[in-house]
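Here the structure comes first, spelled out in structure tokens, and everything after it is commentary.
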Amino acid sequence: MKLKPIAIVTLALMLMPGAASAVELYAGGKTDAEIRTEIVIRCQSQMGEFGTEAISICIDAEHKSRAELQEYPDEFFDIVRRCNRVMYKAGWNRIKLCSEKDIAARDALADYPQEHAELIAGCRDEMGRYGHAKVKQCVDEQLAASNE
């Protein structure tokens, strides 16, 4: 049986060595091998029509995002966990992007003037389960509506 190039690339990438550390917490207890397999399958599904080079680029980017998420300080764990819960099927790149947006929004909200604390609290009650970016969007929309 002759293997197609895509199968060869897939097998080679699945067997690449890598660190299995804190990110496993974000992957629902899956093993490093299971996570790597999911990455390959997702990239094949999303990028397969563009050829093996596109799949390889996708896989590399997913592994890079996953590794970068491992380096996030503990203070961001809840943010990454929420993003993981809602974005896992979309991939590590999306989890990382979601996390970055929420971290930036959290930091921006902390810098808002104290006079907006009540508005922020109200938006947090209403939108908090969707993350800091949605809370900030709610606050910004209400501030814009009140012309502040």
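The values are calculated or read from the model by the stated rules, or taken from the named source; none is laboratory data. Fair warning: this is a prediction, and the values are worked out from it, not measured in the lab. For neighbour counting, all protein chains shown are included, and Cβ atoms are generated from backbone atoms with ideal geometry for every residue, glycine included.
Structure data summary
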item	result
Exclusive hit being under 22 Å from Lys30 (Cα atoms) and either in contact with a strand residue (DSSP E or B) (Cβ under 6 Å, 6 or more places away or on another chain) or touching a residue at least 12 places away in the same chain (Cβ under 8 Å) (or both), set His132, His63	His63
Gly51 at pLDDT below 95, closer than 30 Å to Glu34 by Cβ and among the small types (Gly, Ala, Ser)	yes
Flag for Ala117 being touching a residue at least 24 places away in the same chain (Cβ under 8 Å), assigned to a helix (DSSP H, G or I) and farther than 25 Å from Lys30 by Cβ	no
All helices (runs of 4 or more DSSP H) inside the range 29-100 with 2 or more residues being of a type outside the set (Val, Ile, Thr) and within 18 Å of Gly131 (Cβ to Cβ)	52-70, 77-87
Filter result (more than 18 Å from the chain's Cα centre (by Cα) and of a type in the set (Val, Ile, Thr)) within the range 87-134	Ile120
Residue list for the range 86-102, filter: surrounded by 20 or more Cβ atoms within 10 Å (Cβ to Cβ) and either among the β-branched types (Val, Ile, Thr) or closer than 18 Å to Lys136 by Cα (or both)	Ile95, Cys98, Ser99, Asp102
